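Novice: The structure is given below, and queries will be raised subsequently.
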Amino acid sequence: MDLVIIGCGSAGVSAAKEALKYTKNVLCVDRSPEWIGGVCLNKGCVPTKHLREGAYLLDKIAFSGSYGFFPLSPSLNLKSAIEGAKTKVIKPTREGIYKFLRSKGVKFLFSQEVEFLNPNTLRVGEKTVTSKYFLVATGSSPSSVGGISADGEFIFDTDTFWEIEKTPKKVVIVGGGVSGVEFAYILSRYGAEEIHLIEIGKTLLPTVENLSSDIVRRLERALKGLKIKVHIQTAVEDIDKNTRRVKLTSGELLEDIDAVILTVGRKPNTYSLGLERIGVSLTQKGHIEVNEKYQTSVENIYAVGDVIETPALAHVASHEAKLAVRNIFENSSKRLDYTSVPSVVYSVYEIGSFGFGEKQLKTQGVEYKTSTVTFRAVAKAISEGEEGLIKVFHTPEGQILGANILSKKHTDSILHLLLLAKKGGLSVNELREIVWAHPTIEEVLELL
C-alpha cells in the first residue's frame with residue numbers, strides 16, 4: 001500500500017478522502033465496520049447533540065404560548081431518543097461513509113488486534129500489510145477515575161451510556177467538563193429527578209481555557225436553575241454499587257443512586273499498537289510525539305487526532321489528517337493554526353469560543369479591548385426566546401483576537417461568522433458597517 005490509515009474515525013475518513021487525490025492505493029484499518037466514523041459519530045458529539053436537540057425542543061415548547069401554540073403535556077423518552085440517534089442518524093451516516101470510500105477504491109480491513117511488526121509492516125488479525133506510509137488516527141477511550149471504571153450496569157462512561165435502558169432517576173455525573181455539563185442538561189430534560197454534577201476543579205469547564213468567568217458562571221446558574229446540584233472543588237471518595245451509595249470528599253453521602261456517569265476525560269488509544277517497540281516515541285500519558293509535520297520519530301509513520309497532544313476535537317482531527325496527508329505526499333510542513341480553532345459546548349446554552357480569551361490575553365500582557373452585546377438587543381432574538389451574549393476580544397484597532405458566545409440556539413452561526421471575519425482580516429468596526437438583513441439574529445453583530 002501507499003498509505004495505511006489506522007482508525008476510520010473523523011481523522012481517518014478525512015485522511016482517506018485527501019489521500020485519494022494522490023493515490024488509489026489506500027487502506028483503512030479499524031476494529032469493526034461499526035466503528036467507521038469513530039467516537040464522534042457513534043458514541044460522542046453526534047448522538048449527544050441529537051439528545052440535546054430534544055432537550056432544547058422541550059424547553060422551546062415552554063415558550064410556545066407566545067405563538068398561540070399550546071401542546072398537551074409534552075415529554076421526552078430517553079430510550080426512544082437513543083434508538084432514533086442510532087437508526088436515523090448514526091447508521092445511515094456510517095453506511096454512507098463506507099459506501100463512498102469503497103466506491104472510490106479505498107480498501108478496508110477490520111480486526112480487534114492491530115499492531116506494528118516493524119515500521120513498514122502492520123498485523124491486522126491474521127493478515128499482514130506492508131505500506132510506504134502509515135497514519136495513526138486511533139482516537140481515544142474514556143478515562144477511569146480513582147480506579148473506578150464503567151461496568152455498563154451501575155457505572156457508565158461516555159461510550160457505554162448509549163446502552164442505558166431508561167432514564168435514571170437519581171444520577172451522579174463525575175466530571176464537570178464539556179461532556180459533564182452536556183449530560184447534566186440532557187438528563188434533566190429526559191426525566192432525571194435528582195442530578196449531582198461533581199467537579200474537582202475550581203470551576204465548571206476547566207479545560208476550556210479561553211472562556212470568560214462570567215460565561216461559566218452563567219452556565220452554572222442555569223444548571224442550578226434546573227435543580228441540578230453542582231459540587232465544585234469536590235471529588236468522589238467512594239462508589240458502592242451494592243448499596244448504591246456515592247461518598248464525596250466533602251463528606252456528603254449520596255444514597256439510592258440509580259447511575260453514575262463518568263465524564264472525566266479520555267486517554268489516547270496507543271498502547272496496544274506496538275509503537276514503542278518499533279521506535280515511536282510516546283509521552284508519559286501515552287500521546288504520540290510528533291513534529292510540525294505530524295511526523296513521529298519513525299519517519300514513515302504520522303499521527304493525528306486524539307493520539308497527539310492537540311485539542312481533542314473531531315474537526316481538529318479531520319483537518320490535521322488532511323494536512324498530514326499533504327505533508328506525506330508533497331513532502332511539505334503544513335500545520336493547523338490552532339488559534340483559529342472553534343469549539344462549542346452544548347448544554348443549557350450553546351457556548352462557543354475561538355482564539356484567545358480574557359485570561360490568556362491578560363497573562364500574555366496583550367493590550368486588548370472587549371466588545372459585548374446581548375442577543376436581546378435585536379427583536380428576532382426576543383421573538384424566538386433567545387438569550388445570551390457575544391464577547392469579542394480585539395486589539396485597540398479592532399482586529400479580532402478571539403470570541404466567546406453564549407446562546408440557546410445560534411452560537412454556531414455567529415461563531416463561524418466571527419471566525420471568518422478574523423480569518424479575512426475584518427475588524428470589529430468593519431463588521432459594524434456591514435448591512436445586515438433585518439430582522440435576523442445575525443444583525444446583532446452590527447451592535448458590537
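The values are calculated or read from the model by the stated rules, or taken from the named source; none is laboratory data. Here the structure is a predicted model, which means the values were calculated and not measured. Ideal geometry is used to build each Cβ from the backbone, glycine not excepted, and the neighbour counts take in all protein chains shown.
Novice: Based on this model, can you work out whether Val260 counts as surrounded by 24 or more Cβ atoms within 10 Å (Cβ to Cβ), under 23 Å from the mean Cα position of the chain (by Cα) and either at pLDDT below 95 or assigned by TED's automatic domain parsing to the domain that holds Val230 (or both)? Quick ask: steps written out before the conclusion?
Specialist: Numbers: surrounded by 24 or more Cβ atoms within 10 Å (Cβ to Cβ): yes; under 23 Å from the mean Cα position of the chain (by Cα): yes; either at pLDDT below 95 or assigned by TED's automatic domain parsing to the domain that holds Val230 (or both): yes.
It is true that Val260 is surrounded by 24 or more Cβ atoms within 10 Å (Cβ to Cβ), under 23 Å from the mean Cα position of the chain (by Cα) and either at pLDDT below 95 or assigned by TED's automatic domain parsing to the domain that holds Val230 (or both).
Novice: Residues of the stretch 305-326 being of a type in the set (A, V, I, L, M), assigned to a loop (DSSP other than H, G, I, E, B) and farther than 15 Å from Cys40 by Cα, which ones?
Specialist: Result: Ile308, single match.
Novice: Something else now. Looking at Lys49, is it touching a strand residue (DSSP E or B) at 6+ places or on another chain (Cβ under 9 Å) and closer than 28 Å to Ala317 by Cα?
Specialist: Yes, satisfied.
Novice: Would a scan of the stretch 384-404 turn up a residue that is touching a residue at least 12 places away in the same chain (Cβ under 8 Å), among the basic types (Lys, Arg) and more than 15 Å from Arg218 (Cβ to Cβ)?
Specialist: No, the stretch 384-404 has no match at all.
Novice: Only one of Lys170, Lys166, Lys202 is touching a residue at least 24 places away in the same chain (Cβ under 8 Å) and more than 25 Å from Glu255 (Cβ to Cβ). Can you tell me which? If you could, list the steps in order and put the result at the bottom.
Specialist: Details: Lys170 fails: more than 25 Å from Glu255 (Cβ to Cβ); Lys166 fails: more than 25 Å from Glu255 (Cβ to Cβ).
Unique residue meeting the criteria: Lys202.
Novice: Give the residues of the stretch 222-247 that are buried (at least 18 other Cβ atoms within 10 Å of the Cβ) and either touching a Pro at 6+ places or on another chain (Cβ under 9 Å) or part of a strand (DSSP E or B) (or both), sorted by residue number.
Specialist: Correct list: Ile228, Val230, His231, Val236, Ile239, Val246.
Novice: Also, I was wondering about something else. Got at least one residue in the stretch 299-308 being of a type in the set (A, V, I, L, M) and either out of contact with any strand residue (DSSP E or B) (no Cβ under 6 Å at 6 or more places or on another chain) or not assigned by TED's automatic domain parsing to the domain that holds Glu115 (or both)?
Specialist: Filtering the stretch 299-308 for residues of a type in the set (A, V, I, L, M) gives 301, 303-304, 307-308.
Retained after the next criterion (residues that are either out of contact with any strand residue (DSSP E or B) (no Cβ under 6 Å at 6 or more places or on another chain) or not assigned by TED's automatic domain parsing to the domain that holds Glu115 (or both)): 304.
Within the stretch 299-308, one or more residues are of a type in the set (A, V, I, L, M) and either out of contact with any strand residue (DSSP E or B) (no Cβ under 6 Å at 6 or more places or on another chain) or not assigned by TED's automatic domain parsing to the domain that holds Glu115 (or both).
Novice: Is there a residue in the stretch 9-23 that is in the same structural domain as Gln112 (by TED's automatic domain parsing), in a loop (DSSP other than H, G, I, E, B), surrounded by 24 or more Cβ atoms within 10 Å (Cβ to Cβ) and within 22 Å of the chain's Cα centre (by Cα)?
Specialist: Taking every residue of the stretch 9-23 in turn, at least one turns out to be in the same structural domain as Gln112 (by TED's automatic domain parsing), in a loop (DSSP other than H, G, I, E, B), surrounded by 24 or more Cβ atoms within 10 Å (Cβ to Cβ) and within 22 Å of the chain's Cα centre (by Cα).
Novice: Next question, about the same structure. Find the helices (runs of 4 or more DSSP H) located wholly in the stretch 24-94 whose residues include 1 or more that are over 21 Å from the mean Cα position of the chain (by Cα), and list them.
Specialist: Answer list for the stretch 24-94: 45-61, 78-84.
Novice: Go through (1) of a type outside the set (A, V, I, L, M, F, W, C); (2) touching a strand residue (DSSP E or B) at 6+ places or on another chain (Cβ under 9 Å); (3) farther than 30 Å from Tyr22 by Cβ one by one and return the number of the condition His315 breaks.
Specialist: (3)
Novice: When you scan the stretch 294-322, how many residues do you find that are surrounded by 17 or more Cβ atoms within 10 Å (Cβ to Cβ), without any contact (Cβ under 8 Å) to a residue 60 or more places away in the chain and either in contact with a helix residue (DSSP H, G or I) (Cβ under 7 Å, 6 or more places away or on another chain) or within 21 Å of Pro119 (Cα to Cα) (or both)?
Specialist: Of the residues in that region, 4 qualify.
Novice: Moving on. What are the residue pairs meeting all of these: first residue in the stretch 424-438, first residue part of a helix (DSSP H, G or I), second residue among the small types (Gly, Ala, Ser), Cβ atoms under 7 Å, and 6 or more apart or on different chains?
Specialist: Hits for this filter: Val428/Ser371; Val428/Gly398; Asn429/Gly398; Leu431/Ala421.
Novice: Turning to a different aspect of this structure: For the stretch 213-227, check the following and say yes or no: at least one residue is in contact with a His (Cβ under 9 Å, 6 or more places away or on another chain) and outside the structural domain of Asp30 (by TED's automatic domain parsing).
Specialist: No: zero hits.
Novice: When you check Glu95 against the structure, is it among the charged types (D, E, K, R), surrounded by 13 or more Cβ atoms within 10 Å (Cβ to Cβ) and over 30 Å from Ile173 (Cβ atoms), yes or no? First the steps, then the outcome.
Specialist: Values: among the charged types (D, E, K, R): yes; surrounded by 13 or more Cβ atoms within 10 Å (Cβ to Cβ): yes; over 30 Å from Ile173 (Cβ atoms): yes.
Yes; evaluated as a whole, the condition is true for this residue.
Novice: Looking only at residues that are in a helix (DSSP H, G or I) and charged (D, E, K, R) in the stretch 95-114, which one is farthest from Tyr185 (Cα to Cα)?
Specialist: We begin by selecting, within the stretch 95-114, every residue in a helix (DSSP H, G or I); these are 95-103.
Retained after the next criterion (residues that are charged (D, E, K, R)): 95, 99, 102.
Details: Glu95: 30, Lys99: 35, Arg102: 39 Å.
Filtering first and then ranking leaves Arg102.
Novice: Something else: Which residues, counting only those in the stretch 115-149, are farther than 18 Å from Glu199 by Cα and not in a strand (DSSP E or B)?
Specialist: Applying the first criterion (farther than 18 Å from Glu199 by Cα) to the stretch 115-149 yields 115-141.
Selection gives Pro119, Asn120, Gly125, Glu126, Ser131, Lys132, Ala137, Thr138, Gly139.
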